[in-house]
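The values are calculated or read from the model by the stated rules, or taken from the named source; none is laboratory data. Just so it is clear, the model here is predicted, and its values are computed rather than measured. Methodologically, a virtual Cβ is constructed for each residue, glycine included, from the backbone with ideal geometry; neighbour enumeration extends over all protein chains shown.
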Amino acid sequence: MTEVDYRMLISIIHERQGLPWGYAKLIEWKDDFLKKVFSDMNNGVISLQPWFYRGDLYRIHTPHSGLAENIDENIERIVSEICDDGSCSILPYTQYTTSLVAFTKLHDFTDNAFNKVYDQMSTCIQVNTGELYGIDVNALYDFLGIEKFPPYEQEQEVMFPLLKEYVIQEHVCTPLEFKAYIESNNNE
């Protein structure tokens, strides 16, 4: 079995968490390391660890403001009325990737430490890891006895690739509608 370079893994996680949302692309060169850890976890090269996560995960993409005339219809769509000045809310289409991205174990984006959004049209995604494992960041910190990077501990982050084959559902709706949908399906 291979030993994990925990120092590098924690360093990358801390660096990604310390960046403003959307700036993770600045450290894409470290993506090869994360992909190798993910591959080794799921191919038995790293023995099963308490920080391996298998199950449902959630992700939200919220809109940003821009001018309607500047949107690229291949990668984004307008999700609001266009104002007199041409501004509107723009929601990007989901870009699937083999890179590990941040998911959460929580489906309620209205009560989350970061995404306190309620009525904005957003893309809410539910995936299931299937037979694969993701990296449970809080469990990894607990395993190593490291203090969690506040306030991310409340988000219950799991790193997993955003691959279409693991998507259970992708809804363009408000986070309140998504929460109601998930909870009504869980009660059936």
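General remarks:
- Subset of region 54-80 (residues that are in contact with a helix residue (DSSP H, G or I) (Cβ under 7 Å, 6 or more places away or on another chain) and closer than 20 Å to Val137 by Cβ): Ile60
- Region 154-182 - residue that is part of a helix (DSSP H, G or I), among the acidic types (Asp, Glu) and modelled with pLDDT of 90 or more and, of those, farthest from Asn42 (Cα to Cα): Glu177
- Pairs are defined by a Cβ separation below 8 Å, a sequence spacing of at least 6 or placement on different chains, a first member in region 164-188 that is within 22 Å of Tyr96 (Cβ to Cβ), and a second member that is assigned to a helix (DSSP H, G or I) and at pLDDT 90 or above; the pairs so defined are His171/Glu177; His171/Phe178; His171/Tyr181; Cys173/Tyr181.
- Scanning region 107-145 for residues that are hydrophobic (A, V, I, L, M, F, W, C), more than 29 Å from Asn74 (Cα to Cα) and at pLDDT 90 or above turns up Leu132, Ile135, Val137, Ala139, Leu140, Phe143, Leu144.
- Of the strands (runs of 3 or more DSSP E) lying entirely inside region 49-108, those carrying at least 3 residues that are crowded, with 16+ Cβ neighbours inside 10 Å and in contact (Cβ under 8 Å) with a residue 40 or more places away in the chain are 56-61, 97-104.
- Which listed residue, of Gly55, Gly44, is over 20 Å from Glu155 (Cβ atoms) and at pLDDT 85 or above: Gly44
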